[in-house]
1. In a shell of Cβ-Cβ distance under 9 Å around residue 292, excluding residue 292 itself, what net charge do Lys and Arg (+1) and Asp and Glu (-1) give?
2. From the protein chains alone at 1.4 Å, what is the descending order of accessible area for 381, 412, largest first?
3. Would you kindly derive the ³J(HN,Hα) couplings of the stretch 448-453 from the backbone phi angles with the Karplus curve 6.51 cos²θ - 1.76 cosθ + 1.60 (θ = phi - 60°), listing them in order in whole Hz, with x for Gly and Pro?
4. With a point put 7 Å past each Cα toward its Cβ, work out how far residue 150 is from residue 93 in nm, to one decimal.
5. Give the ranking of 399, 371, 169 by solvent-accessible surface, highest area first, calculated with a 1.4 Å probe.
6. List the pair-distance distribution P(r) of the chain, using every Cα-Cα distance, as the percent of pairs falling in each 10 Å bin from 0 up to the bin containing the longest distance, rounded to whole percents.
7. Quote to one decimal, in nm, the extra length available between residue 409 and residue 228 on full extension: 0.36 nm per residue of separation minus the C-alpha distance between them.
8. Just the number, please: carbon plus sulfur as a percent of the accessible area of the stretch 268-341, 1.4 Å probe, no ligands or DNA/RNA counted.
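The values are calculated or read from the model by the stated rules, or taken from the named source; none is laboratory data. Remember, predicted model here, so these are calculated numbers, not experimental data. Here Cβ is always computed from backbone atoms with ideal geometry, including for glycine, and neighbour counts include all displayed protein chains. The protein model used for the area step is the full one, side chains on, heavy atoms only, and it has no ligands, DNA or RNA in it. Shrake-Rupley method; radii C 1.70, N 1.55, O 1.52, S 1.80 Å.
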Amino acid sequence: MTTPRLRHRRGRLVAAVSGLAVTALTVALAVPAAAAGSTLQAAAGESGRYFGTAIAANRLSDSTYSTIANREFNMVTAENEMKMDATEPNQNQFSYGNADRIVNWARSNGKQVRGHALAWHSQQPGWMQNMSGTSLRNAMLNHVTQVATYYRGKIHTWDVVNEAFADGSSGGRRDSNLQRTGNDWIEAAFRAARAADPGAKLCYNDYNTDNWSHAKTQGVYNMVRDFKSRGVPIDCVGFQAHFNSGNPVPSNYDVTLRNFAALGVDVQITELDIEGSGSSQAQQYQGVVQACLSVARCTGITVWGVRDSDSWRASGTPLLFDGSGNKKAAYTSVLNQLNAGGTTTPTQNPTSPNPTPSPTTSTPPPTGGGSCTATYSEGQKWNDRFNGTVTIRANSNISGWQSTVTVRSPQKIIATWNGSPTWDSSGNVMTMRPSGSGALSAGQTTSFGFTVQHGGNWTWPSVTCSAS
């Protein structure tokens, strides 16, 4: 790699995230042909989301690279060209050539741009690295103001501050030259960015904040909650999502996204790459997409590069296209999951890690064969499973009923109550019959319940009812 990637060296050194990735893969879900997007940007757009990639200016002359990027993605992040060392190599001498090349390419092709990043302890120009105290604070704020003003009206979202929290168990700020200017430096950067570019969304971006139970995640969460309570202008939180075998997609990833969204901010997956290959890699990509689709305020996903050979961790083959530009299994799993959609569940207001959300009422209409209807209601949720209840309502006097419950792989029903279940050979379709008499008078109801081990797929089961 000719351009430094200093901020990513820590990706391989982080402590392993506790939690399980998706354990099985079935992505060939039935989607009406007319509704299926044939590219990542089209499929994501069906739910009002974007699908983006990181772009390097020096690769735009590669026709395979630029063709894939133009076809598949509608949000662009400059990989290194908008960072502090690139845009202000000498104090008060700003250089936008390569950044402009990316922004102009994106805008001329109808794409939006994420600005990355205005303030960061790493990839600072040499002159800034040697500063401290008030002079550094003023230089940082001047940089934020000048760069955000230059690009005013051209940037969808700014990563205003990047990677300001420490790894480990403290949940506190990273010790950096910017942090040593005062604990309010992040707030000051956000206020300066808002003044310079009022129309852009302002985001805090970090890595290793994927697992809700981790101290670093909680530290960022507490900062965002404080900012929102005091009116500090923050609109979104970015989750870098660099995963590998030692740091897999955590089973509570959707919980993390949902809990941040409950603070009143958008959540974005900003630098996604997953080392691996084949079905294992595809499973984890599918799980990330499912998690985003399950949260209404998860507004988009960006993968950190186009082809494996373009990645900062190329040896781990972490992206959706191989070095020749061919679509990988991971691409297919992402496209299919985007087209299949997901079930958005209401956000909660957590007070501690791993909250247990309260039961919510379902919105799908009841289904049935005329004599009875079946209505699904969501129950309690945990990291690896959730409860559901089916209410059977008799539309006329009936002597018996049966209900089918269909889950989508890798989901499995692992417990039931208030009924007598049988399963088909696939294990994905359960037929529930009453344990005793199934006779119901017109308007009378009964219910049964079950627990689904979701394997990363939070989609609600489908239910039907037939009567005798």
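1. Net charge in that neighbourhood comes out at 0.
2. In descending accessible area the options line up as 412, 381.
3. Rounded to whole hertz, the list is 9, x, 7, 10, 10, 7.
4. Taking the two extended label points, one gets 1.3 nm.
5. The most accessible residue leads, giving 169, 399, 371.
6. 4, 20, 28, 23, 13, 7, 4, 1, 0
7. Working: separation 181, 0.36 × 181 = 65.16 nm, distance 3.84 nm.
Value of the extension gain: 61.3 nm.
8. 46 percent
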